[in-house]
1. I'd like the full set of residues that are in a strand (DSSP E or B) and closer than 18 Å to residue 115 by Cα, limited to segment 33-72.
2. Can you spot a residue in segment 98-114 that is over 18 Å from the mean Cα position of the chain (by Cα), within 17 Å of residue 46 (Cα to Cα) and at pLDDT below 95?
3. Name the residues in segment 93-118 that are surrounded by 15 or more Cβ atoms within 10 Å (Cβ to Cβ) and closer than 14 Å to residue 73 by Cβ, would you?
4. For segment 72-92, which residues satisfy the criterion of being closer than 18 Å to residue 137 by Cα and surrounded by fewer than 18 Cβ atoms within 10 Å (Cβ to Cβ)?
5. When only residues in segment 74-96 that are outside any loop (DSSP other than H, G, I, E, B) and either in contact (Cβ under 8 Å) with a residue 60 or more places away in the chain or within 17 Å of the chain's Cα centre (by Cα) (or both) count, which is nearest to residue 57 (Cα to Cα)?
6. Scan segment 119-139 for residues that are surrounded by fewer than 16 Cβ atoms within 10 Å (Cβ to Cβ) and touching a residue at least 12 places away in the same chain (Cβ under 8 Å) and report the count.
7. Out of the residues in segment 97-118 that are in a loop (DSSP other than H, G, I, E, B) and in contact (Cβ under 8 Å) with a residue 12 or more places away in the chain, which is nearest to residue 58 (Cα to Cα)?
């Protein structure tokens, strides 16, 4: 029994849509990239959009490039690194980078860690790290 022309058109459109989704969208195992613009550096040296409005890491390549330029040792640390390894890298970068930038770098690395679903070994909260950077006890 032949299909009604209206249903044939709808079925064809649905098949094309499914085929295009397979070609255009990332595989089911890949996590989506969130990009909420280029880095916005404030007058105090901090970056506004390391984390997007939806709470996801801003994976715009320009954000990562700026952070790598300002804190290369910290940005080289893997998401699964221990807090001690990350702190050592941050202390090295704090010799040249300012505090607001290092807080932004920590936010970025913590976002990478979250995206990689790494929870162990634990890292301190951003509030704790910000306090230790500000009062000078992070590296002392």
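1. Restricting attention to segment 33-72, the residues satisfying the condition of being in a strand (DSSP E or B) are 41, 47, 51, 57.
Once the filter is applied, which keeps residues that are in a strand (DSSP E or B) and closer than 18 Å to residue 115 by Cα, segment 33-72 yields 51, 57.
2. Narrowing segment 98-114 to residues over 18 Å from the mean Cα position of the chain (by Cα): 98-99.
Subset that is within 17 Å of residue 46 (Cα to Cα): 98-99.
Still in the list and also at pLDDT below 95: 98-99.
Yes, there is a match, as at least one residue in segment 98-114 is over 18 Å from the mean Cα position of the chain (by Cα), within 17 Å of residue 46 (Cα to Cα) and at pLDDT below 95.
3. Matches in segment 93-118: 93, 94, 97, 101, 102, 105, 106, 108, 109.
4. 83, 84, 85, 88, 91, 92
5. Initially, segment 74-96 is screened for residues outside any loop (DSSP other than H, G, I, E, B), giving 74-75, 83-94.
Narrowing further to those that are either in contact (Cβ under 8 Å) with a residue 60 or more places away in the chain or within 17 Å of the chain's Cα centre (by Cα) (or both): 74-75, 86.
Values: 74: 16, 75: 14, 86: 18 Å.
In this case the residue turns out to be 75.
6. 5
7. At the first step, the residues of segment 97-118 found to be in a loop (DSSP other than H, G, I, E, B) are 97-98, 116-118.
This time we only want the ones that are in contact (Cβ under 8 Å) with a residue 12 or more places away in the chain, so: 97-98, 116, 118.
Details: 97: 21, 98: 21, 116: 14, 118: 18 Å.
Restricting to residues being in a loop (DSSP other than H, G, I, E, B) and in contact (Cβ under 8 Å) with a residue 12 or more places away in the chain, the top hit is 116.
The values are calculated or read from the model by the stated rules, or taken from the named source; none is laboratory data. Keep in mind that this is a model prediction, so the values were computed, not measured. Virtual Cβ from ideal backbone geometry, glycine too; neighbours counted across all protein chains shown.
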